[in-house]
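Here's the structure we're looking at; comments come further down.
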């Protein structure tokens with residue numbers, strides 16, 4: 001397969017997402033399982049909330065006009081949440097009421113308990129209250145038939161609670177993207193296995209899989225494939241047969257004699273959207289598709305694999321889930337001097353801290369080799385350095401991406 005030239009990060013991302021459509025399949029899930037899922041249809045209220053006039057305070061349900069005279073009121077009962085007062089209030093009467101309880105018939109205000117005192121078993125208002133005071137009207141939150149949450153919304157805790165309040169025990173959500181992760185290389189062994197001469201412990205696939213799960217994907221671990229085209233090809237065929245949405249390989253995406261991902265993809269007729277990106281870390285990155293299945297070949301160095309997952313795998317998963325893949329770049333302040341950049345866009349592992357003025361200070365970590373997992377694990381974000389950027393000084397504005 002011929003090797004196209006380096007392309008800019010923005011161009012690579014544009015090609016990756018150009019024709020991505022949300023996954024059409026849906027799941028019906030309980031509210032307990034709905035957090036973080038993407039709605040496939042709007043949530044419409046099946047009830048009115050509240051469906052009765054309710055007290056907003058602890059106090060006494062009264063006729064507002066009775067509080068203008070300063071006369072004592074006869075206490076005729078109580079109304080509590082779940083135990084409404086069954087009768088009606090007549091002139092000169094009141095009902096003890098608690099927050100959330102139904103307001104009795106005849107009452108048009110709630111006098112808070114701090115503004116009353118008792119004399120001879122009767123309630124004496126200490127100040128008047130206007131009609132409607134401290135009452136939450138029926139339908140104050142929403143009414144039956146109201147459209148509450150739009151299709152395509154991510155179910156945050158507040159939205160889950162709103163759906164529950166609307167009377168919805170289940171929700172129709174988009175199916176999670178299915179991701180298969182395959183590590184490649186004769187040198188790799190699993191954590192806990194004996195590490196032989198010239199071997200290393202596989203780590204990237206665990207980090208990338210964990211990352212994909214945090215972004216809402218269902219992840220299948222395809223293990224480790226040796227440097228063997230037949231084995232790698234069999235994993236690719238398995239992914240296509242199992243209906244995988246994104247097949248992620250780690251390692252083998254460069255141009256060495258043992259970098260076999262490209263040849264395997266070519267043998268299956270995969271046309272690459274790109275191969276090699278003008279970035280550091282992560283230059284040997286490839287993307288293509290086999291039928292409906294997306295293929296993302298990540299580099300083998302740990303920082304390279306994880307940085308490219310942030311920049312490319314995450315927006316791909318978001319688009320497949322029907323969520324917007326907006327830029328995650330933010331503006332911060334450099335906490336250290338940085339040198340001029342060359343012809344590749346740099347994503348420098350950095351720590352982030354909140355300054356007294358509310359801005360984020362970005363401090364590059366001292367060691368940036370793409371093989372260093374300890375540096376990546378210590379980072380809170382990525383300092384973004386454009387192609388051919390001039391030197392920058394501490395205190396200069398900068399752009400960064402949070403790692404979460």
* To do: Could you list all residues from region 146-161 that are surrounded by 15 or more Cβ atoms within 10 Å (Cβ to Cβ) and either in contact with a helix residue (DSSP H, G or I) (Cβ under 7 Å, 6 or more places away or on another chain) or not in a loop (DSSP other than H, G, I, E, B) (or both)?
  => 148, 149, 153, 154, 159, 160
* To do: Read through the list (1) over 30 Å from residue 215 (Cα atoms); (2) at pLDDT 95 or above; (3) surrounded by 15 or more Cβ atoms within 10 Å (Cβ to Cβ), then give the number of the only condition that residue 33 fails.
  => (1)
* Asked: Counting just the residues of region 97-112 that are part of a strand (DSSP E or B) and touching a helix residue (DSSP H, G or I) at 6+ places or on another chain (Cβ under 8 Å), which one comes out nearest to residue 75 (Cα to Cα)?
  -> 111
* Structure fact -> Within region 223-240, residues surrounded by fewer than 19 Cβ atoms within 10 Å (Cβ to Cβ) and closer than 19 Å to residue 210 by Cα come out as 223
* **Residue list for region 22-40, restricted to those being touching a residue at least 24 places away in the same chain (Cβ under 8 Å) and either under 30 Å from residue 288 (Cβ atoms) or part of a loop (DSSP other than H, G, I, E, B) (or both)** => 22, 23, 25, 26, 27, 34, 35, 36, 37, 38, 40
* Asked: Is one or more of the residues making up region 221-231 closer than 22 Å to residue 202 by Cα, out of contact with any strand residue (DSSP E or B) (no Cβ under 8 Å at 6 or more places or on another chain) and either part of a loop (DSSP other than H, G, I, E, B) or in the same structural domain as residue 368 (by TED's automatic domain parsing) (or both)?
  -> yes
* Asked: Is it the case that region 185-193 has a residue that's within 23 Å of residue 373 (Cα to Cα), at pLDDT below 95, assigned to a strand (DSSP E or B) and outside the structural domain of residue 65 (by TED's automatic domain parsing)?
  -> yes
* To do: Quickly run through region 377-404 and pick out the residues that are in contact (Cβ under 8 Å) with a residue 60 or more places away in the chain and over 22 Å from the mean Cα position of the chain (by Cα).
  => 387, 394, 395, 396, 397, 398
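For (1) touching a residue at least 60 places away in the same chain (Cβ under 8 Å); (2) under 18 Å from residue 10 (Cβ atoms); (3) within 26 Å of the chain's Cα centre (by Cα); (4) surrounded by fewer than 24 Cβ atoms within 10 Å (Cβ to Cβ), each residue gets a yes or a no:
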| site | (1), (2), (3), (4) |
| --- | --- |
| 262 | yes, no, no, yes |
| 267 | no, no, no, yes |
| 270 | no, no, no, yes |
| 274 | yes, yes, no, yes |
| 278 | yes, yes, no, yes |
| 281 | yes, yes, yes, no |
| 286 | no, yes, yes, no |
| 290 | no, no, no, yes |
| 297 | no, no, yes, no |
* **Exclusive hit being surrounded by 15 or more Cβ atoms within 10 Å (Cβ to Cβ), in contact (Cβ under 8 Å) with a residue 12 or more places away in the chain, over 18 Å from residue 31 (Cβ atoms) and assigned by TED's automatic domain parsing to the domain that holds residue 292, set 179, 129, 95, 110** => 179
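The values are calculated or read from the model by the stated rules, or taken from the named source; none is laboratory data. Values in this document were obtained by computation on a predicted structure and should not be read as measured data. Cβ atoms come from the backbone with ideal geometry, glycine included; neighbour counts cover every protein chain shown.
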